[in-house]
Amino acid sequence: MVEDEYVIPSVLQNTIKRLAARRGVKGILVCDEDGLPLQSNLPQSDAERVSAHVAALIKKVRSVSDALDHGKLQSVYVEMPRSEIIITPDETAGFTIVVLKERLA
């Protein structure tokens, strides 16, 4: 855990454990709106780099969503040939969950 002041609620900790145990999941990251990693099973440098990029991406996607007036952003999916990234921001709680997983055939 990077930010010692932030305590991940037990319900969220249980969700993270369940997600991490799923087949194909390579990493779980929880970051704040400023792009700081709060909890992760990734190496520290990867967690910091991914958190910063995710925070910037969420800001951009929210602005697109607002411009289109299509409602509140729920999730962002990024698909690559061998892997996927699932990003789920929680504006109310002030954090984002990122799941890095391999694409399953």
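Within the range 73-88, if we keep just the residues that are touching a residue at least 12 places away in the same chain (Cβ under 8 Å) and either at positive phi or not aliphatic (A, V, I, L, M) (or both), the residue that is surrounded by the most Cβ atoms within 10 Å (Cβ to Cβ) turns out to be 84. For the range 30-67, a residue qualifies if it is surrounded by fewer than 14 Cβ atoms within 10 Å (Cβ to Cβ) and aliphatic (A, V, I, L, M), and the qualifying residues are 56, 64, 67.
Residues that are within 17 Å of residue 13 (Cα to Cα): which strands (runs of 3 or more DSSP E) entirely in the range 23-105 hold 2 or more of them? Let's see the steps before the verdict.
Details: elements: 25-32, 37-40, 76-79, 83-90, 95-102.
Answer list for the range 23-105: 25-32, 37-40, 83-90, 95-102.
Only the coordinates and a few stated rules stand behind these numbers; no lab work does. These numbers were taken from a predicted model, which means no experiment stands behind them. Please note: Cβ atoms are built from the backbone with ideal geometry, for glycine as well, and neighbour counts cover all protein chains shown.
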